[in-house]
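Report on the following structure.
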Amino acid sequence: MKKLMNIFLLSCKKATELIEKREILPLSTTEKVQLKLHTSMCNACKAYEKQSKTIDEALSEWLKKKEKKEDKGLSGQAKSNIINKLKEN
Amino acid sequence: MDVSNTKNKYKTVESWVDQFGDYLYSWALYKTSSKETAEDLVQETFLSAFHSFDTFQNRSSPKTWLFSILNNKIIDHYRKIARSFSSIDTTNEKDSFQITESLFDKNQNWKPSGFENIWEKEQNILDDPEFTKIFDGCLKELPSKWNLAILTKYRFGKDASEICQELDISPSNYWQIIHRSKLLLKKCIEKHWM
């Protein structure tokens, strides 16, 4: 049964590949149908779809936090460094 | 060039440092996630602006002009990083690839890991400080090129594919790297977070 599913409906590896691919490149109609059929029958890949989104959100949170922590504008020290460098020219 | 002209140029660029320094810095910080790198890139931007001041003819606003210089510096910065990948990184990448392969059986379907239900918590897992800590660690464990590729997706959004070409990553290779990175992150999170 699993083998038969692979022929018509992609393997889980291929399905998860398409889940990531569609975020970057448009899928062909065949790919779209194959993926839809696969995720409608495969709970693990349906779960992967959600997990992938969670990882996306975690990544964007991670970046935001990192930015917030450091972003207090260009420091006075950095500004005067630039101005000193300009003077050397 | 006469002295008064140089003085004038200096005065103008100096005023730009005050006026646009913070904006440029925020942008550079967003694109690189590093205070030191962002400061360096902004400094280089103003020095370049000073040296090529004569090519700036008020056709665009100074802000637009400075941002275009900065964006080129940011791309250069990533090119330099891409060039610095070593053989250790390649080995690391091969190992990581093998780990992601091992998540699937011979028919390329999921092998049960036993940790599937850790993702199904009532509370939003992103609010869990423990998760944040683990995620931070897992991100560091990614091979350098994968880490760069996956963060590029968020830093550059729609322009990510363009940047990746600069990094010698083709568009099809790009989503494959993203796919492998996600699998590795998933495995790492499941391993550490029970």
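The values are calculated or read from the model by the stated rules, or taken from the named source; none is laboratory data. All figures in this text were calculated on a predicted structure; none of them were measured in a lab. FYI the Cβ positions are ideal-geometry reconstructions off the backbone, even for glycines, and counts take in every protein chain you see.
Would you be able to say whether some residue in the stretch A:31-41 is under 29 Å from residue B:135 (Cα atoms), of a type in the set (A, V, I, L, M, F, W, C) and surrounded by 20 or more Cβ atoms within 10 Å (Cβ to Cβ)?
yes
For residue A:74, state whether it is of a type in the set (A, V, I, L, M, F, W, C) and over 24 Å from the mean Cα position of the chain (by Cα). Spell out the reasoning first.
Details: of a type in the set (A, V, I, L, M, F, W, C): yes; over 24 Å from the mean Cα position of the chain (by Cα): yes.
Yes, satisfied.
If you go through the stretch B:1-44, how many residues are at the interface with another protein chain (Cβ under 8 Å from one of its Cβ atoms), within 16 Å of residue A:81 (Cα to Cα) and aromatic (Phe, Trp, Tyr)?
2
Looking at B:98, B:57, which one is out of contact with any strand residue (DSSP E or B) (no Cβ under 6 Å at 6 or more places or on another chain), part of a loop (DSSP other than H, G, I, E, B) and loosely packed, with under 12 Cβ neighbours inside 10 Å?
B:57
Consider residue A:16 carefully, then state whether it is within 9 Å of chain B (Cβ to nearest Cβ) and at pLDDT 95 or above.
Here the answer is yes, as residue A:16 does meet what is asked.
Conditions: (1) of a type in the set (Gly, Ala, Ser); (2) modelled with pLDDT under 90; (3) more than 23 Å from residue B:109 (Cα to Cα). Residue B:172 meets all but one. Number of the miss?
So residue B:172 meets the others, but not (3).
Conditions (1) over 25 Å from residue A:9 (Cβ atoms); (2) of a type outside the set (S, T, N, Q), marked per residue:
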| position | (1), (2) |
| --- | --- |
| B:102 | no, no |
| B:118 | yes, yes |
| B:123 | yes, no |
| B:127 | yes, yes |
| B:138 | yes, yes |
| B:142 | yes, yes |
| B:151 | yes, yes |
| B:156 | yes, yes |
| B:160 | yes, yes |
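Being touching a residue at least 40 places away in the same chain (Cβ under 8 Å) and assigned to a helix (DSSP H, G or I) is the filter here; which residues of the stretch B:74-94 pass it?
B:74, B:75, B:77, B:78, B:79, B:81, B:82, B:89, B:92, B:93
For residues that are of a type in the set (Ser, Thr, Tyr) and closer than 30 Å to residue B:11 by Cβ, scanning just the stretch A:30-87, find the one that is nearest to the other protein chains (Cβ to nearest Cβ).
Per the stated criteria, the residue is A:75.
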